[in-house]
Ligand SMILES: CC(C)(COP(=O)(O)OP(=O)(O)OC[C@H]1O[C@@H](n2cnc3c(N)ncnc32)[C@H](O)[C@@H]1OP(=O)(O)O)[C@@H](O)C(=O)NCCC(=O)NCCS
């Protein structure tokens, strides 16, 4: 696939729950080694809320927005946003890494936040994605270790 690949970004629907959950879990397990260092307890902590039940709630709850990026028939990424501008999900399928998926999804999430009249977006970044978010205008202000031993950096961007 070329790096010039374009993606269709669309709101997730209820029948995306299984594929979206699986994509997010693979993205964490396979791409976030800088965070979990393949340590089972940390991987487990990162996956603990990435369940089909939660994905269904994130997709179906009014005021919560989940988008998927598709390359033809294949789901290539999943992004999520709350009604107050917190980016809760931004995950690329391992096979599509560094092919523009997260950039396209993040732009769609920020567009949605602007459409809602929000002044900024906030997120808690993995170490894996921190450089990505910095390059997109997010600034970190707080680094904490969570209950499972993972570093998490709070970042915001003025829209
Ligand atoms: C790092 C990551 C977010 C990049 O997303 P992607 O869809 O693979 O890549 P994209 O093509 O959309 O973005 C490329 C950008 O990533 C950044 N990038 C490039 N190499 C990188 C690396 N090794 N590590 C981190 N960021 C990198 C650059 O800013 C690059 O922008 P540029 O092309 O303008 O230089 C993704 O690969 C990843 O690891 N995701 C894991 C899940 C995760 O941590 N999500 C965030 C939850 S808060």
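Measure off 7 Å from each Cα along the Cα-to-Cβ vector at residue 128 and residue 53, then give the distance between these two points in nanometres to one decimal.
2.4
Hey, what number do you get for the chain at 222 nm if only DSSP H runs of n ≥ 4 count, each worth -39500 (n - 2.57), divided across all residues, to the nearest 500?
Value at 222 nm, helices only, nearest 500: -11000 deg cm²/dmol.
Between residue 143 and residue 84, what length in nm is gained on full extension when 0.36 nm per residue of separation is reduced by their alpha carbon distance?
On the way: separation 59, 0.36 × 59 = 21.24 nm, distance 2.14 nm.
Here the answer is 19.1 nm.
Place a label point 7 angstrom from the Cα of residue 60 along the Cα-to-Cβ direction, then list the residues of region 15-38 whose backbone nitrogen is under 16 Å away.
Of the residues in region 15-38, 15-21 have backbone N under 16 Å from the label point off residue 60.
Taking the simple approach of a point 7 Å from Cα along Cα-to-Cβ for both residue 135 and residue 114, what is their distance in nm?
The modelled label-to-label distance comes out at 2.1 nm.
Return the distance in nm (one decimal) between the two label points of a simple spin-label model at residue 15 and residue 98, each offset 7 Å from Cα along Cα→Cβ.
Label-label distance for residue 15 and residue 98, simple model: 3.6 nm.
Once you order the gyration tensor axes a ≥ b ≥ c over the Cα atoms, which shape class does the chain get: rounded for a/c under 1.5, otherwise prolate or oblate by comparing a/b with b/c?
It comes out rounded by the Cα gyration axes.
Readers should treat all values here as calculations from the given coordinates under stated rules, not as data from a laboratory. Values in this document were obtained by computation on a predicted structure and should not be read as measured data. Don't worry about glycine lacking a Cβ; one is built from the backbone with ideal geometry, like all the others, and counts go over all protein chains shown.
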